[in-house]
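Participant: Sharing a structure here in structure tokens format.
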Amino acid sequence: MRSRRTPILVWLMVCCGGAAVATPAKSAPPEDLPTCQPAELFATDNTAIITDPDMDTAGQLQDGLQLFELQADLTIAQNGAAVTGSTLLDGVFWSKDLQKTTYERSREFHLCGADEPTLHTVAEALRHQFNQEAVLTFDYLPQHAPESNAITISVPDIDIARFRDAFAADSAAHSRLLGGSVTTTDRTLILIADNGDLDVARRLVGEAGRSWNTATVAYGKREFVQT
């Protein structure tokens, strides 16, 4: 999601069917809207590399990204999808090149009426416009759909500082989960993981101070849209 480093936090989620339950977590069926395919897109305009949140002298980790929100809304609409709102996020990621954790602000855009080709087009447009290395798309699918290869995990009431520490100390999470984000409004942790990385995600949630029983899991297909 940033230029010149591995992007994590641009996530597109499209509802293509009911989400299944990953025991012991609760299921998270997308909202049943008869005239709308709901989707979510996680994006930023940040290209800086911040490796210490206490040394953010430019204040980028306090940026509300309001101008970016307006610009992204327009680009998304011009490429065939509607935006119904967005949520501000604090992200923590692993840089393979630097071998360090990095930090950034982003927004989760709630979309409506975008099929998979449209989402790919939107992701590519935002990647190019904001000079991002890649964009990750995620389509909601039933758990056992042949093309389902990933999960999205939401965990309420996560302390961002504790999550930062937990992620920084977990080498498996670096290489397999790559990162995660916490909403600034209600402190909900959001992780995107490969189907085979559920064990790593479960452990990380515990290290961040929450029970896996509080997690909500949904299944789907993810794609990196990149250069």
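Throughout, read-outs are computed from the coordinates displayed, never taken from laboratory work. What you see is a predicted model; the values in this text were computed from it and never measured. Note that each Cβ is placed from the backbone with ideal geometry, even for glycine, and that neighbours are counted across all protein chains shown.
Participant: Which far-off residues, 5 or more places away or on another chain, put their amide H under 5 Å from the one on Q226, with H placed in the peptide plane?
Facilitator: Placed amide hydrogens put V135 under 5 Å from Q226.
Participant: Could you compute the net charge surrounding A166? Neighbours are other residues with a C-beta less than 12 Å from the C-beta of A166; K and R count +1, D and E count -1.
Facilitator: Local charge sum for A166: 0.
Participant: For the stretch 123-147 and the stretch 152-174, what is the separation of their Cα centres, given in Å?
Facilitator: Measuring centre to centre over Cα atoms gives 22 Å.
Participant: If you plug each phi of the stretch 126-139 into the Karplus form 6.51 cos²θ - 1.76 cosθ + 1.60 with θ = phi - 60°, what whole-Hz ³J(HN,Hα) values come out, in order, with x for Gly and Pro?
Facilitator: Going residue by residue, I get 5, 4, 5, 4, 9, 6, 9, 5, 7, 10, 9, 9, 9, 9 Hz, with x marking Gly and Pro.
Participant: Pull up all non-local amide H partners of Q143: gap of 5 or more, or a different chain, and H-to-H distance under 5 Å with H placed in the peptide plane.
Facilitator: Here the answer is A20, since their amide H atoms fall under 5 Å of that of Q143.
Participant: Round to a whole angstrom and tell me the spacing of the C-alpha centers of the stretch 203-227 and the stretch 57-76.
Facilitator: The distance from the Cα centre of the stretch 203-227 to that of the stretch 57-76 comes to 25 Å.
Participant: Calculate one ³J(HN,Hα) per residue across the stretch 188-194 by plugging θ = phi - 60° into the Karplus curve 6.51 cos²θ - 1.76 cosθ + 1.60, and present them in order as whole Hz with x for glycine and proline.
Facilitator: Calculated HN-Hα couplings, in order: 9, 7, 10, 10, 10, 9, 5 Hz.
Participant: At 10 °C and a viscosity of 1.306 mPa s, what translational diffusion coefficient does Stokes-Einstein give for the stretch 11-226, taking Rh as the Kirkwood radius over Cα pairs? Give it in µm²/s as a whole number.
Facilitator: D, rounded to a whole number, is 91 µm²/s.
Participant: F68: net charge of surrounding residues, Cβ under 13 Å, Lys/Arg +1, Asp/Glu -1, itself excluded?
Facilitator: My count for the surroundings of F68 gives -4.
Participant: Tally Lys/Arg at +1 and Asp/Glu at -1 over every other residue whose Cβ is under 12 Å from the Cβ of A193; what's the total?
Facilitator: Charge balance near A193 sits at +1.
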